[in-house]
Amino acid sequence: MRAWTVASEDDDVRLSDVAAPTLQGGGVLVEVLAAHLPAYTKMVVNGNRGGLPVPLILGPSCVGRVTDVAPDVFHVAPGDVVLDTALLDAGGGDEILVGWVGLGGSGAGSERTDRMRAVWHDGVFAETALCAKETLVKLPGAENYPDPARLSFLPWLCIAATGLHSAGPLTGRDVAVIGATGQLGGAAVLMALAEGAATVTAVGRNKETLDRLAELDPRVRIHRLTGDRTTDAAGIGPVDVALDALGATPTADATMAAYDSLRVRGTLVLIGGVRQNLTIPYGDLMHRRLTVRGSWMSNDETVTTVWNLVRSGLLDLSAIEMHTVGLDDPAAALDLAEHTTGLSFVALAP
């Protein structure tokens, strides 16, 4: 079969003919229908997001159709459409993303995560994938969804939703999304609207993308970051929930502006890739009774919730601009993905 492979730490993504995976205990064979190609995939391959367990078939998540299951798999069956989240959790903070970079817990890894990666290392940028049963969530009724490639954006929506849910119910509350011009931030804006936020303030630097987000719904406000913490805090808030979905930034000023924008008893949720330390004033946090939460990846319950919102029509994916590519030209596909922002993404459909 055809797949995108990375052979070594200094290798590029290549289209390769590889042996089709064979079923093993705890595994599920999946026909890959579509996979989200993250905008930062080039950075992952170049080692800027951590080390890949090379050699491997690349790819962290997909929507697929089950073709066969191991004897110890009972929650999915051949013919089911499933979401592969890539998150394999052994408990105790030992978590890996199959086919990708990223470790849960402290992020340092352990002897156990090394063993997990030795058994489950190949991802889903391929015609067929062998997935660990724990990474799969069934999507009832998805076999009738008219545009299955669009469902490959579900993992981003689920990561955003998990972060938002950690702040409690959103109905009637004012929400800000910091880094809304990125794909994860754009997903968070969609999720906050679908879950009943009173207002959603989309915060970022790309004016064109912010303007597109403002067209989604009258509840969307926009604030273009100025770089001045005080000015940005005033433009963002006051809000009840601020979700930080920023990538790597030279300073933490935008994140701290979001912190400053919170009302009493507000919550700041961190789901992005900021590499800076946050200096939080003890007395302010205490007296304003604020909460700062971290959220990483998603969980099965949230996947089901998000899918039910899509299935019921409460979450309309037609607002997402999708570019579909095949396996033939990895370099061109990665270039295209690198230039997608906000509610625009590349779906790899083998």
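Across region 272-278, rounded Karplus estimates of 3J(HN,Hα) from the backbone phi angles (6.51 cos²θ - 1.76 cosθ + 1.60, θ = phi - 60°) give x, x, 5, 9, 8, 7, 9 Hz, Gly and Pro being marked x. By definition, a body whose alpha carbon gyration tensor gives a ≥ b ≥ c is prolate when a/c is 1.5 or more and a/b is larger than b/c, and region 213-336 fits this prolate description.
The amide H of Arg205, built 1.01 Å from its N in the peptide plane, has Thr181, Leu225 as neighbours under 5 Å, considering only residues 5 or more places off or on other chains. Treating cross-link reach as a plain straight distance, find the aspartates and glutamates whose alpha-carbon is under 17 Å from the alpha-carbon of Lys133, omitting any fewer than eight places away in the same chain. Leaving aside aspartates and glutamates fewer than 8 places away in the same chain, those within reach of Lys133 are Glu31, Asp68, Asp72, Asp80, Asp84, Asp89, Asp94, Glu95, Asp122, Asp300, Glu301. Within the chain, antiparallel bridges make up roughly 50 percent of the DSSP beta bridges whose residues both belong there. Sorting Val101, Val54 by solvent-accessible area of protein heavy atoms yields Val54, Val101, largest first, with a 1.4 Å probe. Heavy-atom accessible area with a 1.4 Å probe sorts His165, His75, largest first, into His75, His165. Where [x] 0.97; [y] 1.80; [z] 1.04 are the candidate values, the label of the one calculated here for Cα Rg over 2.2 N^0.38 Å is [x].
Counting only protein chains, not ligands or nucleic acids, how are Glu9, Glu111, Glu338, Glu127 ordered by accessible area (probe 1.4 Å), most first? Display every interim value, and only then the final one.
Values: Glu9 155, Glu111 115, Glu338 85, Glu127 60 Å².
Order by accessible area, largest first: Glu9, Glu111, Glu338, Glu127.
Judged by the gyration tensor of its Cα atoms, with axes a ≥ b ≥ c, region 75-205 is oblate; a/c meets the 1.5 cut and b/c is at least as large as a/b. Screening the chain for DSSP H helices whose Cα atoms reach 15 Å or more along their own axis and whose mean Kyte hydropathy is at least 1.6 gives 183-194. Summing Lys and Arg as +1 and Asp and Glu as -1 over all other residues whose Cβ lies under 11 Å from the Cβ of Gly237 gives a net charge of -2.
The values are calculated or read from the model by the stated rules, or taken from the named source; none is laboratory data. Note that the structure is predicted; figures quoted are calculated from it, not measured. Every residue, glycine among them, receives a Cβ derived from its backbone with ideal geometry; neighbour counts consider all protein chains shown. Side chains included, ligands, DNA and RNA excluded: accessible areas come from the protein's heavy atoms. Shrake-Rupley method; radii C 1.70, N 1.55, O 1.52, S 1.80 Å.
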